[in-house]
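**Student:** Below is a structure I'd like to ask you about.
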Amino acid sequence: MSNILVNAPKTAKRGDVVEIKALIMHPMETGFRPGPNGRIIPRNIIERFTATWNGAEIFAMDMSPAIAANPFVSFFARANDSGTVVLRWTGDEGFAAEHRVDIAVE
């Protein structure tokens, strides 16, 4: 289970550079911590974050256990056309989360 918070403008002027901020809350495990039975709890991290605008990739990053359990990502993109920004997180144990933001370009 994860919660996602995104801050992105609803509108922008053509050619403006906009900031998009995203925070995902995720139950991270490093893979090094023993559980109550003494066995190591399997690693459970977010491994990759991508952002696309109308299907074209505008940002991507790989993550590692050294990144926060609830990673915050901030990046900039040029607003050329109205459309949908799709934010995707993928990780261990089949984890996948997605959030969509519509931005209208004037």
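**Student:** Go through the stretch 21-35 and count every residue that is assigned to a strand (DSSP E or B), farther than 24 Å from residue 10 by Cβ and of a type in the set (D, E, K, R).
**Tutor:** 1
**Student:** Just to verify a result, which residue in the stretch 21-35, among those that are open to solvent by less than 50 Å² (accessible area, probe 1.4 Å) and either without any contact (Cβ under 8 Å) to a residue 12 or more places away in the chain or not aliphatic (A, V, I, L, M) (or both), is nearest to residue 96 (Cα to Cα)?
**Tutor:** It comes out as 26.
**Student:** Now, a different point. Residue by residue through the stretch 1-20, note down the ones that are within 16 Å of residue 85 (Cβ to Cβ), open to solvent by less than 70 Å² (accessible area, probe 1.4 Å) and outside any strand (DSSP E or B).
**Tutor:** 8, 9, 16
The values are calculated or read from the model by the stated rules, or taken from the named source; none is laboratory data. Computed from a predicted model, the values in this text were never measured in an experiment. Positions of Cβ are generated from backbone atoms using ideal geometry, with glycine treated the same way; all protein chains shown enter the neighbour counts. Accessible surface areas use protein heavy atoms only, side chains included; no ligands, DNA or RNA. Shrake-Rupley method; radii C 1.70, N 1.55, O 1.52, S 1.80 Å.
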